[in-house]
Amino acid sequence: MNRTILKHAFLSLSILTLLCCCSPFDNEDDQDSTELKITISASAGVTSAAAPVTLFVRVENCAGTRVVWGYGSSTCQLNADVRIGRSYYPAVGHRYCTQDAIELGLDAGESRVENWRWKGEIMKDQEIVTLPPGRYEVHGSAGRWVSATSVRIEVLQL
């Protein structure tokens, strides 16, 4: 009889755990459950100093609350990062950013798109470095959020 009670208690506890921890309605007001959908595209698959590519980064707030990713320029809120091995390096592009400092974020349901020209440079160890010729995976980003998808761009040396 004790074994039957234990089985029922374990089953009840398992069902309760599933309902509490896996419900799609759980944590609707929790900031940690925010969801930003970030996508990136490019005007071409090749870039160089003589012919920069244009990167397009789009972010959409799919969460039910405002998502904030930092403070900075109102005109340069989104970024692109180049993946090299397991590391990500900011892609340095030709952009005109205002010198204001605002809270960077989106309200629920809002989206934002930014674009700029990139010729294959990254920021590494606080220096601008031109990437050696090769194919690179470039991700869009908003603060600590990085796009799951990427574009592959070949850097040429002319």
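Looking only at the stretch 88-102, filter to residues that are of a type outside the set (D, E, K, R) and in a loop (DSSP other than H, G, I, E, B); which one of those is nearest to GLU35 (Cα to Cα)?
At the first step, the residues of the stretch 88-102 found to be of a type outside the set (D, E, K, R) are 88-94, 96-99, 101-102.
So of that shortlist, the ones also in a loop (DSSP other than H, G, I, E, B) come out as 96-99, 101.
Numbers: TYR96: 28, CYS97: 26, THR98: 27, GLN99: 28, ALA101: 24 Å.
My answer is ALA101.
Could you list all residues from the stretch 36-52 that are touching a Phe, Trp or Tyr at 6+ places or on another chain (Cβ under 9 Å) and in contact (Cβ under 8 Å) with a residue 60 or more places away in the chain? Full working, then the answer.
Residues of the stretch 36-52 touching a Phe, Trp or Tyr at 6+ places or on another chain (Cβ under 9 Å): 36, 38-43, 47, 52.
Listed by number, the residues that qualify are LEU36, ILE38, THR39, ILE40, SER41, ALA42, THR47, PRO52.
For the stretch 78-87, state whether one or more residues are at negative phi, aliphatic (A, V, I, L, M), at pLDDT 95 or above and assigned to a loop (DSSP other than H, G, I, E, B). Write out each step before concluding.
Initial filter on the stretch 78-87 (at negative phi): 78-84, 86-87.
Those still in the list that are aliphatic (A, V, I, L, M) too: 78, 80, 82, 84.
Checking which are at pLDDT 95 or above leaves us with 78, 80, 82, 84.
Next, from what is left, pick out any that are assigned to a loop (DSSP other than H, G, I, E, B): 78.
Yes, because at least one residue in the stretch 78-87 is at negative phi, aliphatic (A, V, I, L, M), at pLDDT 95 or above and assigned to a loop (DSSP other than H, G, I, E, B).
So in the stretch 35-51, with the set limited to residues that are part of a strand (DSSP E or B) and not hydrophobic (A, V, I, L, M, F, W, C), which one is nearest to TYR136 (Cα to Cα)? Let's see the steps before the verdict.
Initial filter on the stretch 35-51 (part of a strand (DSSP E or B)): 36-42, 46-47.
Restricting the remaining residues to those that are not hydrophobic (A, V, I, L, M, F, W, C) gives 37, 39, 41, 47.
Numbers: LYS37: 22, THR39: 16, SER41: 13, THR47: 11 Å.
Ranking the candidates gives THR47 first.
Filter the stretch 52-77 down to the residues that are of a type in the set (A, V, I, L, M, F, W, C) and in a strand (DSSP E or B), then identify the one that is surrounded by the most Cβ atoms within 10 Å (Cβ to Cβ).
Initial filter on the stretch 52-77 (of a type in the set (A, V, I, L, M, F, W, C)): 53, 55-57, 59, 62-63, 67-69, 76.
Still in the list and also in a strand (DSSP E or B): 53, 55-57, 59, 67-69.
Numbers: VAL53: 22, LEU55: 24, PHE56: 17, VAL57: 24, VAL59: 27, VAL67: 21, VAL68: 14, TRP69: 20.
Among them, the one singled out is VAL59.
Among THR130, THR65, THR149, THR54, which is at pLDDT below 95 and farther than 14 Å from ILE38 by Cα?
Values: THR130 fails: at pLDDT below 95; THR149 fails: farther than 14 Å from ILE38 by Cα; THR54 fails: at pLDDT below 95.
Every option except THR65 fails the conditions.
Restricting attention to the stretch 116-136, report how many residues are of a type in the set (Asp, Glu) and either surrounded by 14 or more Cβ atoms within 10 Å (Cβ to Cβ) or assigned to a strand (DSSP E or B) (or both). So that I can check it myself, show each step before the final result.
Taking the stretch 116-136 and keeping what is of a type in the set (Asp, Glu), we get 121, 125, 127.
With either surrounded by 14 or more Cβ atoms within 10 Å (Cβ to Cβ) or assigned to a strand (DSSP E or B) (or both) added as a condition, the list becomes 121, 127.
So the answer is 2.
Do we have GLY105 as in contact with a Ser or Thr (Cβ under 8 Å, 6 or more places away or on another chain), part of a strand (DSSP E or B) and buried (at least 19 other Cβ atoms within 10 Å of the Cβ) here?
Numbers: in contact with a Ser or Thr (Cβ under 8 Å, 6 or more places away or on another chain): no; part of a strand (DSSP E or B): yes; buried (at least 19 other Cβ atoms within 10 Å of the Cβ): yes.
Spelling it out, it is not the case that GLY105 is in contact with a Ser or Thr (Cβ under 8 Å, 6 or more places away or on another chain), part of a strand (DSSP E or B) and buried (at least 19 other Cβ atoms within 10 Å of the Cβ).
Kindly indicate which of ARG95, ARG152, ARG144, ARG117 is free of Cβ contacts under 8 Å to residues at least 24 places away in the same chain and not acidic (Asp, Glu). Let's see the steps before the verdict.
Numbers: ARG152 fails: free of Cβ contacts under 8 Å to residues at least 24 places away in the same chain; ARG144 fails: free of Cβ contacts under 8 Å to residues at least 24 places away in the same chain; ARG117 fails: free of Cβ contacts under 8 Å to residues at least 24 places away in the same chain.
Criteria check complete, one pass: ARG95.
The values are calculated or read from the model by the stated rules, or taken from the named source; none is laboratory data. Fair warning: this is a prediction, and the values are worked out from it, not measured in the lab. Note that we place each Cβ from the backbone using ideal geometry, even for glycine, and neighbour counts take in every protein chain shown.
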